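What follows is a single structure, written as structure tokens, with notes after it.
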């Protein structure tokens, strides 16, 4: 048995792991690279395996860096079956169709088409619940467990050739309002572990909510706008939940809140179908017919005309995508608000190296947006406690429960990978940081 690290090796994005057993060949995720141009160029590179030989595609969750290349996989010959949790299947439909439309608009040539995306969704034929075991053939079995990252996200336990392999997918933070805490893993022979925040600790969630509240109050008092670049999936819904709570508790001023993202609007509709999967406080809220996704301050701007009208507003909260500011309507709001010292840009999620969001967060004095050089005069905030990723402490605690014979660290930038590797090695674990396309015999 062996694993080829086809993505998320030495970097955060592009998760893709090819597992070859004696009887079954399977792929854990098939994600898109994002960030630096040299990373995004990998999206067009040949896969280090033949897509036609893959029997199963195992999807951990619905973020593009984990499923964004599935249509290309299908286009290049994948005829196997896909398996994921029930919510992930619904999320995949929204995410892949949106990604395919964007691909078709690319001037440099599309990686895939809407037709490819539709065919890839047909391949996602098997859906499971957490804890359910599925036989993939030849004695290979898979079980999905709650990763606590976003709605439907899972880490996967694979039994093959007498060994237990655990792929963490993306592990979540603890104490989040809309997803349960990550489940603990079973004892593992091999652990493939994400390392996004392997070099830091998050502040408590409530502390971060108070920080967000303070930024909102101070910014609105000075006459500025609060601009929140937000991922369409999970982060947007969580921010809406927090803003609803702050408003209900009269801790923020009464002001308009714009959700300016058609994709986030679609994702929010999916979340509303799965409210019974939320942690108890959120379930209780929805049972009382109080809806954090539909309250009087909140306005969904579905058309471009409605989006442009936001520029006429002052003293408002604007949530828009993309979350790393690489495209979408957020660019127009940044162009309008970055030059304004009274406005605030609030980052609530990871910003990959090479993205506009990362440049702003790292203190750029000016940035290029839509062909114009824009000065950065607005206040820039990073609120880490709202992260959907586990920090170093959670990752270590989780890994210790797996007590693996071998750990492979993936899905992290070099410093985070190195810091987490050092901590695990100091505890006596065998740790390896694989290179892109490296194959390891197990």
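Has the stretch 24-37 got at least one residue that is modelled with pLDDT under 95, assigned to a helix (DSSP H, G or I) and surrounded by fewer than 21 Cβ atoms within 10 Å (Cβ to Cβ)? Taking every residue of the stretch 24-37 in turn, at least one turns out to be modelled with pLDDT under 95, assigned to a helix (DSSP H, G or I) and surrounded by fewer than 21 Cβ atoms within 10 Å (Cβ to Cβ). Would you confirm whether or not the stretch 218-226 contains a residue that is at pLDDT 95 or above, buried (at least 24 other Cβ atoms within 10 Å of the Cβ) and not in a helix (DSSP H, G or I)? Among the residues of the stretch 218-226, at least one is at pLDDT 95 or above, buried (at least 24 other Cβ atoms within 10 Å of the Cβ) and not in a helix (DSSP H, G or I), which makes the answer yes. Among the residues of the stretch 317-332, the ones that are over 19 Å from residue 388 (Cα atoms) and within 15 Å of the chain's Cα centre (by Cα) come to 1 in all. Residue count for the stretch 146-170 satisfying the condition of being in contact (Cβ under 8 Å) with a residue 40 or more places away in the chain and in contact with a strand residue (DSSP E or B) (Cβ under 6 Å, 6 or more places away or on another chain): 13. For the stretch 227-252, taking the residues that are outside any helix (DSSP H, G or I) and touching a residue at least 60 places away in the same chain (Cβ under 8 Å), the one that is surrounded by the fewest Cβ atoms within 10 Å (Cβ to Cβ) is identified as 231. Looking at residue 335, is it farther than 18 Å from residue 264 by Cβ and modelled with pLDDT of 95 or more? Taking the combined requirement at face value, the residue satisfies it.
Taken over the stretch 80-134, residues that are in contact with a strand residue (DSSP E or B) (Cβ under 6 Å, 6 or more places away or on another chain), part of a helix (DSSP H, G or I) and within 22 Å of residue 43 (Cβ to Cβ) amount to 1.
The values are calculated or read from the model by the stated rules, or taken from the named source; none is laboratory data. Note that this is a predicted model, so its numbers are computed, not measured. Note: ideal-geometry Cβ built from the backbone for every residue, glycine included; neighbour counts use all protein chains shown.
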